[in-house]
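To keep things clear, I will list the structure first and then write my remarks on it.
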Amino acid sequence: MLPKSNLSPMEMLKIQANTLYTMNEQQRLLSINEPGGGQAPAIFIGMTSAGSLTYYHEQLPPNLMDELGKDSELPLDIPKLIRKVETFEPVNHVWMGPAYAFPEASDEWDLKVQLIGHEQRYLLTEYFPELSAHLHEKSPVAAYVIGDSAVAVCCSARVSIHGAEASLYTAPGYRGHGYAAETVKCWQYYVKERGRMPIYSTSWDNLASQHVARKLGLIQFGVDFSITTLNSRKGSDVQ
């Protein structure tokens with residue numbers, strides 16, 4: 001079952017947010033949506049041409065959420081948002097970058113790309129041994145294979161009911177040949193076959209990743225922004 005191709009940017013943003021993070025019934029951030037969890041940001045703002053959506057960590061006080069909400073209008077005043085968050089926790093990391101959707105499904109990619117299952121996991125041994133133990137939760141896993149080794153892989157970093165976020169790696173010495181882009185083509189096809197929306201996002205300073213997006217003709221539907229903290233409060237899940 002293929003996902004709908006006529007999703008609006010705001011609908012894509014909602015799918016992405018629910019793929020990146022686990023949330024409670026009030027749509028407050030609980031954790032990073034990965035095996036073993038992980039600390040969610042204090043605030044995540046997704047911006048599209050049609051508007052923006054803001055998500056807050058479950059432990060942010062209501063009064064701080066109100067203040068941040070007032071300061072989340074576009075264009076963002078990032079230094080002001082950081083100062084506000086720091087009244088709750090010291091800021092550890094600020095993230096900002098483009099989020100992409102894929103054009104209509106394509107079933108064409110280099111013949112050296114393989115879908116990696118249990119029987120093919122030996123191909124990961126040389127460059128991506130840590131991935132072998134996580135094939136199920138990272139599925140689908142697509143690899144560009146030279147000889148008996150995968151030299152580039154694209155897998156699902158985070159998966160939800162409606163979406164999957166791409167994770168892309170190329171072994172040193174094999175970069176700059178277009179191998180990564182070919183694995184993404186295969187990965188996104190099988191994500192769509194499983195009824196999910198494939199998502200590709202990166203940071204503004206990751207020029208190599210943005211180059212892959214351009215090469216694939218991906219469609220930017222939004223910009224992601226988040227602030228994470230040092231999590232110095234006992235019992236807090238804030239990053």
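Hey, what did segment 34-137 get for relative contact order, percent, Cα under 8 Å, at least 6 apart?
Details: 48 pairs, mean separation 15.2, N = 104.
Once normalised by length, the contact order is 15 percent.
Can you work out D for segment 17-79 in µm² s⁻¹ from Stokes-Einstein, where Rh is the Kirkwood radius over C-alpha pairs, the temperature is 20 °C and the viscosity is 1.002 mPa s?
Approximately 173 µm²/s, per Stokes-Einstein.
What do you get for the angle between helix 179-193 and the principal long axis of the chain? Use alpha-carbon atoms, 0 to 90 degrees, nearest ten.
The angle comes out near 80 degrees.
At a threshold of 8 angstrom on Cα-Cα distance, excluding pairs fewer than six apart, so keeping six or more, what relative contact order does segment 111-172 reach in percent?
Numbers: 99 pairs, mean separation 17.6, N = 62.
With pairs under 8 Å counted, the relative contact order is 28 percent.
In the chain, carbon and sulfur make up what percent of the accessible area (probe 1.4 Å)?
Working: 6120 of 12030 Å².
Within the chain, the accessible surface is 51 percent carbon and sulfur.
Using a 1.4 angstrom probe on the protein heavy atoms only, line up 73, 34 by accessible area, largest first. All intermediate terms of the calculation are to be shown ahead of the outcome.
Values: 73 125, 34 70 Å².
Sorted descending by solvent-accessible area, the residues read 73, 34.
How high is the relative contact order of the chain? Use alpha-carbon pairs under 8 Å, at least six apart in sequence, and give a whole percent.
On the way: 472 pairs, mean separation 72.7, N = 239.
Value for the chain: 30 percent.
Helix-derived [θ] at 222 nm for the chain: sum -39500 (n - 2.57) over DSSP H runs of at least 4, divide by residue count, nearest 500?
On the way: 6 runs with 58 residues, N = 239.
Value at 222 nm, helices only: -7000 deg cm²/dmol.
If you line up the Cα atoms of segment 22-164 on their principal axes, what length do they span on each, largest first, in Å?
So the three principal-axis extents are 57, 32, 28 Å.
For the pairs 14/112; 14/192; 84/138, flag any whose C-alpha to C-alpha distance is greater than 26 Å. Mind dumping the intermediate values first?
Numbers: 14/112 35 Å; 14/192 17 Å; 84/138 36 Å.
Among 14/112; 14/192; 84/138, the Cα-Cα distance tops 26 Å for 14/112; 84/138.
Determine how large the accessible area of residue 185 is when every protein chain is in place; take a 1.4 Å probe and give Å² rounded to the nearest 10.
Number for this one is 70 Å².
What is the Cα radius of gyration of the chain over 2.2 N^0.38 Å, N being its residue count? Don't skip to the end; give the middle numbers.
Working: Rg = 18.6 Å, N = 239, 2.2 N^0.38 = 17.6 Å.
This ratio for the chain stands at 1.05.
Return the aspartates and glutamates within reach of residue 185: Cα separation strictly under 20 angstrom, same-chain partners fewer than 8 residues apart disregarded; answer none if there are no such residues.
Partners found: 104, 107, 108, 110, 137, 165, 193.
Given a 1.4 Å probe, how much area per residue of the chain is accessible, in Å²? Walk me through the intermediate numbers first.
Working: 12030 Å² over 239 residues.
For the chain, the per-residue accessible area is 50 Å².
The values are calculated or read from the model by the stated rules, or taken from the named source; none is laboratory data. Fair warning: this is a prediction, and the values are worked out from it, not measured in the lab. Protein only, heavy atoms only, side chains kept; ligands, DNA and RNA dropped before computing areas. Shrake-Rupley method; radii C 1.70, N 1.55, O 1.52, S 1.80 Å.
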